[in-house]
Amino acid sequence: MALKLKADQILLLLLVFVPITLVLEYVVHASATTLFVTSAVAIVPLAGIMGKSTEMLAEHVGAGLGGLLNATFGNAAELIIAIFALRAGLHDLVKASLTGSIIGNILLIFGLSALLGGLKFRKQVFNRTAAKLGSTLLLLSAVGLVIPSLLHYLRDGAESGAAAAAGAGSGSLSLEISVVLIVCYILSLVFALRTHADLYQGTGHADGATHGAPAWSKGKSFAVLVGAAAVVGWMSEILVGGAEEAAHSLGMTEVFVGVIVVALVGNAAEHSTAVLVALRNKMDLSIQIAVGSSLQIALLIAPLLVFLSYAVGPAPIDLVFSPLEVVAVAVSVLVVGQIADDGQTHWMEGVLLLAVYVVLGLAFFNLPG
C-alpha cells in the first residue's frame, strides 16, 4: 500500500507540468524542445488519471462491461497522441510509437516486473494457458504488421524505385489486414470475458485487491475520464508540434523519439501498475497489463489508426514499417513467447527481457535519420 501511495503522490506532483506547459506555450513562447519535454512529462500523470477513472467506472458496470471499458480505454493516451501526429502528417512518428508501445510493454515492463518481483520472490507463477493465448495473439499481430512491410520491400527489389515508392496496393492491403486484426481482437474479448472467463479469474481478483482507493461515483468517474482525455489532447498537440525540432536539437531521429520517448510517455502510468502488482506476487495481473496492452496496440489501435487516417491528416497511413521496426516486433514476440511457455518467471528472465529492450533501443538510437 505504501508503494502504491507513493506512486499516486508522484503522479499528482507531476500534474504541475500541465500549467507549466501552458505558460511556456502561450506566455513565454518557449522553444519546441522545451515544450516537447514539459508536455511529455505532463501526459504521464494524465494517462494515470485516465486509467484510474476507467477502473473506477468499471466497478459500476460489472465485470464484463468493465473489462471491455478497460480494454477500450487502456491505451487512450497513446491513441490521442497518435491522432494528433496523424493530423500533422508525422506517419513515421505514429508507426514508431506503435512499435515502441508493443516492445516497451512486453520487454521493458514485463522485464521490470519479472526482475523486481523475482528479487522478492524466488519464483512467480501465472496461468500458463492465458499467457500462451496472449503470446499467440501477439504472434498473429506480428504477422499482420510484418506482411505489408515484407510485401513492400519485395516490390522494392522487383520493381523500380519510383514504382515501389508509390507502394501500389499497400494501402488496400493495410485496410484488409486491419479488418482481420480488429475482428481477432473482438473475438479475443469474447474469449476472455465470456466463454473462458475462468482463465482470468485470478487476475480479476488481484486487480480488485490492488486498488485500495475509495470507489468514485459513476458520474465523477466519467467526468474525470473525459476531462483528463481533453487535457491529454491539448498536451498531445503541443508534444507533436515540437517533436521534429526536439528530435533534431537533441540529436535523435524521429523514429527513436517515437519508439522510446513517445511510447514511454503514453504508457508510464500503466507500466508502474504492472511492476507494483508483480512486487505483490500477482504475476497474472502483471502479465495481463503488459501483454494485454501490447495486444490492444497491435490488434486495435494500429488498425483503428489506419481507418482514422482517411478522415484526419493529409494522407492515409499504412502498415508498412521499417525493417528494424519489423525485426524489433518479431524478436520481442518470440522472446515473450519463450518466457510464457512454462507458466513461471524468475529474476534472470527479467534481466534477459530488459537486455533485449536495451539492445533494440541502442539500435534505434543509432539508426540513420
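The values are calculated or read from the model by the stated rules, or taken from the named source; none is laboratory data. This structure is a prediction, so every number in the text was calculated from the model and none was measured. Note: ideal-geometry Cβ built from the backbone for every residue, glycine included; neighbour counts use all protein chains shown. Only protein heavy atoms, including side chains, enter the accessible area calculation; ligands, DNA and RNA are left aside. Shrake-Rupley method; radii C 1.70, N 1.55, O 1.52, S 1.80 Å.
Annotations for the structure displayed:
- Top-ranked residue of segment 95-110 - restricted to ones that are of a type in the set (A, V, I, L, M, F, W, C) and open to solvent by less than 10 Å² (accessible area, probe 1.4 Å), ranked as nearest to Leu352 (Cα to Cα): Leu107
- Verdict on Leu304 being in contact (Cβ under 8 Å) with a residue 40 or more places away in the chain, open to solvent by 40 Å² or more (accessible area, probe 1.4 Å) and closer than 20 Å to Val358 by Cβ: no
- Residues in segment 34-54 that are at pLDDT below 90 and more than 17 Å from Phe84 (Cβ to Cβ): Pro45, Gly48, Ile49, Gly51, Lys52, Ser53, Thr54.
- Of all residues making up segment 328-350, the number that are in a helix (DSSP H, G or I) and open to solvent by 50 Å² or more (accessible area, probe 1.4 Å): 5
- Any hit, segment 306-325, residues being part of a helix (DSSP H, G or I), among the small types (Gly, Ala, Ser) and under 27 Å from Phe365 (Cβ atoms): no
- Test result for Leu319, over 17 Å from Ala263 (Cα atoms), surrounded by 24 or more Cβ atoms within 10 Å (Cβ to Cβ), within 20 Å of the chain's Cα centre (by Cα) and in contact (Cβ under 8 Å) with a residue 24 or more places away in the chain: yes
- Of all residues in segment 221-251, those satisfying the criterion of being more than 21 Å from Ile80 (Cβ to Cβ) and free of Cβ contacts under 8 Å to residues at least 40 places away in the same chain are His248, Gly251.
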